[in-house]
Each structure stands twice: as structure tokens, then as C-alpha cells.
Amino acid sequence: MLFIILAVLLYFVFFKLLLRPLAAFGQESTVQALIFSLCGTTFYLYAVTEVLSAFLALGFWGVLGSWVVFAAAGLLGTVLAARRCKRLGEYPGLLRAVCPGRVTAGGVLAAIFALCVVALSIYTVTYNWDSMRYHLPRIMSWAQNKSVAHYFTNDVRRISSPPLAEFFNLHEYLLTGSDRLFNLLQAASYLLNGYFVYKIANRLGLQKSWRVVAGLLYFSMPIAFAEAFTTQVDHLATLWLMIFVYECLRLAACDRLKNEALLYVRLLCVGLSGAFGYLTKPSVCIAMAVFAVGLVAVRLKAKDKFSVLACSLGVTVVPAVLTVLPELLRNFATFNAYASSTTGARQLVGTLNPAYLLVNFFKNLAFTLPTVQFGWLSNLLYKGVNKVSALLKVPLNDPAISEDGHPYLLPKMPDYGHDTAVNPLIVWLFLAMCAVAVYFVIKKLKNRGPKAQRGSVYYLVCSFLAFVGLLTVLRWERFETRYELGFLTLLCPFIVYFLQKMFQNRAALKNGAVGVLAVACLFSGIDQAYYHANLARKQSGQLAGYFTNNGGQCAVYSELINEINLKNYKSLGLYIVRGQYSYPFWPMCPGVERIEDVAGNGYNETERYDDKAFVPDCIVWVADLPENGEFEWHGVTYQKSFEASNCYLLCPKTP
């Protein structure tokens, strides 16, 4: 990820210099240059990955050569753009291009905060369950196969889950041979999302103090802060959502769309960010769909020319479809569908019955509301959800609105975990601001007050509908807040917009509200920083770090890994079905040249990719052994040679 960040910075300078003379961008040239750089660099990374994979050349030299070419092109473009600016008298100097504006105390504090986030993300050994099971193993398999093509696996999520986030870390791994910087992708996305929260608040016409409050609300959000130090994908998905929404907001605010190049460049970014969001985590597409439909409605109301709208639609949709096409083709080849039946479907409700949807909405809403300060609230919320369920005659734990029929519960506070952290401050403020919004709408209807700006209304309505829609269709599970991250991020500008409106022309009350919220965010952030820094400090060693949330298995895996290294096995088969980790065998067994899954209880959709010639030296068996204690794979019979707490190493049976 470090190399990609440097590439993004290089092309940011290029686009900044390129856009500076254009009056159409004005003060927005910085954020627009960042968007162009992020979209362009990501598209290049995605295209290079697919092309190299097609030729089985996805290795160190192929990736290094591609980034050298990309950097050389960026340097040449930057030099040419700088010369152009000099001719036009618009050259600010490279330092000003990278760091626009004057240095302020707030800017220095933001830089220190960013450095602390980056440092903690690097210091923290990746440890989340999803990464140990399928996010990181798929990277190792791709690197081993020199291709991102589908392969045989016991865990279909390794090939069916959206791949874009792992493409970033795949390039990092191929260039460095280490996983130490894997968390940096989420950390960088976390920081960039805060920047876009600030910029969207600026587009809504908010004062600087309120824009800062919006940023603080986001940065101190427990689930956002927690995920910054993991290899989950929600921050990256949120980044594409924020870019999508920012560009849509600009387009919605236009008086009339004109048939010009700049319009289509922005629309290209809309299409690419939509495709990248789908390739990262499709749940953000719910919000994207709401904003897209809203934008179409706004432009139809503005009576834009049909020819411009038709061209705009083509420029947006066609690149998006072409971008996701390689992944879709792989899925159709393996699953005969655009995605595996196990991917995504379990996260959405299994019914369209209005009563069930309403109960599901209240389940999800109540889950986000418990607070540390009011412990009695959880019991009240739980009773309320049960009451709604009883009134509507809907089983509270019906599998259609509860993942696998798990009993409904409310989180214990405080919860700062990267999977389960809840965000009551954001949601309570959102509910309060909804009441404020109703008040101002009624007041305007009575007094015929001035109309709000088109862009502001568009953003407020769409962000409200997106969050409410998510709570309605997201099947309840105790890990739901990860899916809410992007939607909660959109609510930060929503909240401060109405706070500013409430305290307009009330300077004393406004300063007091800003101060209270800033202090609340600060203390919450400090508490979370202590929690995560302490968690990272306790990670004594790389292997122990992997098992931060599964300490009981660390000693067992250590025994298995020591035996593998001692016997100098060159190839491993893996059969791990107890929900345990598979990733640690890659980094902790440097002498092993090839690791593949083996099938103990039959095959799945990936059977066609099984390499019948693969006969591993040893099989890691984390499951119950067959009754006879033997296992046959590709014509070779394996039997137990080593045991560590019901985990086994199986070796070929000797005659």
C-alpha cells in the first residue's frame, strides 16, 4: 500500500497542476485532483492485476515494472503540467501544489493525528477473524498462483468475496514480501474519508467550526476508529461511496448540465467509484443507488436536455460495467451466476413482508442506541423491540430477519471492537436532527421561507433515505455496524447541517454546542485510542499477534508450525473447518513452497480447479479425523504423524 500511496500523491500533484488554470474548478481543484488521482491509480492497479494474471505473470518483476512505468508517466506528466502553468502564470510551486493553503494550528494537529493513525496501523499486527480465514489467504494463493483466477478451496469466500481491497495488498506483498503494511489500506482510507466528510460539509455551505465538528464526529466514531487498524474492507468501500456522493452532489447543484468534457470526466469518476465500491463491498451500493436515483430526479426536474442526459448515462454506466466485467466473468464460470449464492445474500432480509421489514428496522435501530452513560436504556430498548414484534405478530428471531435465527441481543457497552463497535452518539444526534428537520419543514410551509439550495436538499434527503433503507433491508446480526460504516459517515454532514441551522444567529449557544460536541468526541477518541494502543502493545510477536482474538489456539498453531519447519516440508495441504485460521501457515512456514486446500468431506463449486497432480508432503488437519484415522487424497493415503490438542499433521502412509 505504501507504493500505491506514493503513486496517488504523484498523480495528485499532476492533476492539481493540470486543473489549476481551469476556472471551472476554482477552489475545488484540490479535492477534484485527489479524486482523479484515486480513481486513476486504482483503475491502473486493477487493470495491471487483471492483465498480468491473464499471462500468469503476477509476480515481483511484473508488478515492479508496471509501477515503474506508471511513476515515469506521472513524473513526465507533472513536468509538462508545471511548464504549462508557468506559461500561463499559474505555477504555485510543487510544495504549494502538494500542501495548498497556509499552515495553521488545525492543520498541524490534523497532520499529527494522521501520523499517529498510520503509526498505530503499522504497529498493529493484523488479527481480525475474516483476514485470518479468507482475506489474507486469498492474497497468498494469488501470489503463489501468479494469477487472481479462481482456484480450488474449502472456503468459497476466498474466491467469491469482492477482491479489490486484496488487490491493493497483493501488490504490496509482491513488492515487499511482508504483511506488515496491510493495515495501512484501511488507515489511509479512514483519513481520506474524514477529508471528504469535511469537503461535503463545505459543499453544504457549513461554517468552518461546524465542518470541523463533522470531521470530529466521524473520526471519533468507534467502528470507524477500530477498523482503521485492521485489514477489513469497510473504510475502502466508504471511500468510494464518499467520492461517488461528492461528485453527485456537485452535479446536483448545477443549474444546467452542459455537453462538455469536464462533465463527462466527473461522470467517469462517478461510474468508476461505483464499480470500485461494488468490487470492494457491495453493501455501499445501496447508498449509491439512492443517490443515483435522486440525481436523476434532480436533473429531470432541472429540465436538462435529453441528449446530455443520455450521454451522461452512457459515460457513467459503460465504464462501470466494463470495470466489473472480469470479476463477473470469473463468477459466472465458477458459480453460473454473477456472484456466489453465499456472498451477500445472507446479509439482506429474506422477505419483503412489510411487517417483517418494520421489525427488522427497529431491531437494527435499537442495536445502535445503547450508551455507556445510560445503562438502563438497553433493557428499555430491548422491551420496546419485543413489543413491536408482538404487536405485528412477527417472530423476533425469524431467520428472515435474524442471521441464522440467532437470538436478538443488544451490545454491552463500551464496545470498541472492530467487528461490533456501536456508535450511539451519531445515531442519537441523527434522530434528534430528524425532529429538527421536521420542525423547519413545517415552519417553512407556514411562513413560506426561502428555499434551501438544491444540492443541500438532495444530499439531506438521500443520506436520510440511504440510512433508513439500510436499517430496513440489512438482516440483523451482531456484526451489523461494519455494514453501517459508510452510511453513518454520510450522516456526519447531515447532523451538523441542522445543528448550524438550529443555532443560526445564536452565537453563544452555537459556541457552546460546538464546544460540547468537540469535547465529547475528544474524550471518546482518547478512550478508544488507549484501547487499541493497549491491544497492539499486548501483541507479543507476530504469531501471537495473529491470535489476538483467539489466544487459545496460538500455542496449538505454534506446535504445528514448529513441527512443519523442523521436518522441512516443502508442500502443505490444508483442511481447516472449525472456523480456525488458515493464514498463519504462510508467513510462519518460510520453507514451504506451496500450500493448497484439500477436501475432506466432498467438493464444492471449485472442484473443477482441483490440481490432481498436487500431492502434499503433509496435510494440516484442523477437524475431526475420519473414523479409521486415515485420509486419501489424489491416490495417496495419509495418516496421523503429529497431534496438538486435536489438531493434526497427516503424512503419507508408509507401506
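Computed from Cα positions, the angle between helix 2-19 and the longest principal axis of the chain comes to roughly 30 degrees.
Relative to one another, the C-alpha centroids of region 407-476 and region 209-269 are positioned 17 Å apart. Coupling constants for region 354-361 follow from the phi torsions by the Karplus curve (6.51 cos²θ - 1.76 cosθ + 1.60, θ = phi - 60°), and in residue order they are x, 5, 5, 5, 5, 5, 4, 4 Hz; glycine and proline get x.
Taking 0.36 nm per residue of separation and subtracting the Cα-Cα distance, full extension of the segment from Tyr609 to Met413 would add 66.0 nm. Note on region 112-151: along the principal axes its Cα atoms extend 43, 20, 11 Å, ordered by decreasing extent. Measuring nothing but how far apart in sequence close Cα pairs (under 8 Å, 6+ apart) lie, relative to its length, region 289-435 scores a relative contact order of 20 percent.
Starting from the Cα-Cα distance between Ala149 and Trp61, subtract it from 0.36 nm times their residue separation and give me the gain in nm to one decimal.
On the way: separation 88, 0.36 × 88 = 31.68 nm, distance 1.91 nm.
Working it through step by step, the gained length comes to 29.8 nm.
For region 460-475, backbone phi angles converted through the Karplus equation (6.51, -1.76, 1.60; θ = phi - 60°) give residue-by-residue couplings of 4, 5, 5, 5, 5, 5, 5, 5, 5, x, 4, 4, 7, 9, 7, 4 Hz, Gly and Pro being listed as x. Which distance in Å, rounded to a whole number, links the C-alpha centroids of region 348-392 and region 278-299? Each part reduced to its Cα centre gives a spacing of 26 Å.
Site pair Lys501 and Asn259 shows an inter-label distance of 3.8 nm when each label is modelled 7 Å from Cα along Cα→Cβ.
Short-range pairs are left out: with C-alpha atoms under 8 Å and at least six residues apart, the relative contact order of the chain is 16 percent. Using C-alpha pairs below 8 Å separated by at least 6 residues, the relative contact order for region 469-620 is 18 percent.
Where a ≥ b ≥ c are the square roots of the eigenvalues of the C-alpha gyration tensor, would you call region 448-535 rounded, which needs a/c under 1.5, or, failing that, prolate if a/b is larger than b/c, or oblate? Oblate. Seen against the Cα atoms of the chain and their longest principal axis, helix 306-335 is set at about 10 degrees.
The label point for Cys434 and the one for Ala333, both projected 7 Å from the Cα toward the Cβ, are 4.6 nm apart. Across the protein chains, with a 1.4 Å probe defining accessible surface, the residues Leu409, Leu522, Leu560 rank Leu522, Leu409, Leu560 from largest area downward.
The slack in the chain from Leu325 to Asn379, taken as 0.36 nm per residue of separation less the alpha-carbon distance, amounts to 14.6 nm. Each peptide in 481-494, 191-204 receives the mean, over its residues, of other Cβ atoms within 10 Å, and ordering these scores from highest gives 481-494, 191-204.
Region 139-167 and region 593-654 have Cα centres spaced 20 Å apart.
Each principal axis of the Cα atoms in region 380-502 has its own extent, and those three values, largest first, are 50, 35, 23 angstrom.
Okay, helix-only estimate at 222 nm for the chain: each DSSP H run of n ≥ 4 adds -39500 (n - 2.57), divide by all residues, round to 500 deg cm²/dmol; what do you get?
On the way: 24 runs with 398 residues, N = 655.
It comes out at -20500 deg cm²/dmol, rounded to the nearest 500.
Once the C-beta distance of Glu643 and Ala297 is scaled by a Förster radius of 45 Å, the resulting FRET efficiency is 0.10 to the nearest 0.05.
Near Ser307, once Lys and Arg are set to +1 and Asp and Glu to -1 for all other residues with Cβ below 14 Å from its Cβ, the sum equals +3. Taking all protein chains into account, the per residue accessible area for region 71-225 stands at 38 Å² (1.4 Å probe).
Would you mind getting me the FRET efficiency between Ala390 and Asn511? Use the beta-carbon distance for r and R0 = 30 Å, nearest 0.05. Here the calculated transfer efficiency is 0.05.
Would you mind computing Rg(Cα) / (2.2 N^0.38 Å) for the chain, counting N as its residues?
Values: Rg = 26.1 Å, N = 655, 2.2 N^0.38 = 25.9 Å.
It is 1.01.
In order along region 142-148, the Karplus-derived 3J(HN,Hα) couplings, from 6.51 cos²θ - 1.76 cosθ + 1.60 at θ = phi - 60°, round to 4, 5, 5, 7, 6, 6, 9 Hz, and Gly and Pro are given as x.
Among all the lysines, which ones have a C-alpha under 19 Å from Lys570's C-alpha, if same-chain residues fewer than 8 places away are not counted? Result set, ordered by chain and number: Lys146, Lys612, Lys640, Lys653.
Have a look at the DSSP beta bridges in the chain and tell me what percent are antiparallel, nearest 5.
Restricted to the chain, the bridges split so that about 60 percent are antiparallel.
Measure nothing fancy, just the Cα-based angle from helix 208-219's long axis to the longest principal axis of the chain, in degrees from 0 to 90, nearest 10. Approximately 20 degrees, to the nearest ten. Sorting the segments 622-632, 229-239, 393-403 by their residues' average number of neighbouring beta-carbon atoms within 10 angstrom, most packed first, yields 229-239, 393-403, 622-632. So who's got an amide H within less than 5 Å of the one on Tyr638, skipping anything under 5 residues away but keeping other chains? H placed 1.01 Å off N, in plane. For Tyr638, the qualifying residues are Phe631, Glu632, Trp633, Lys653.
The values are calculated or read from the model by the stated rules, or taken from the named source; none is laboratory data. The model shown is predicted, which means the values in this text are computed figures rather than measured ones. Neighbour counts are summed over all protein chains in view; Cβ atoms, including those assigned to glycine, are modelled from backbone coordinates with ideal geometry. The accessibility values were calculated without ligands, DNA or RNA, using every heavy atom of the protein model including side chains. Shrake-Rupley method; radii C 1.70, N 1.55, O 1.52, S 1.80 Å.
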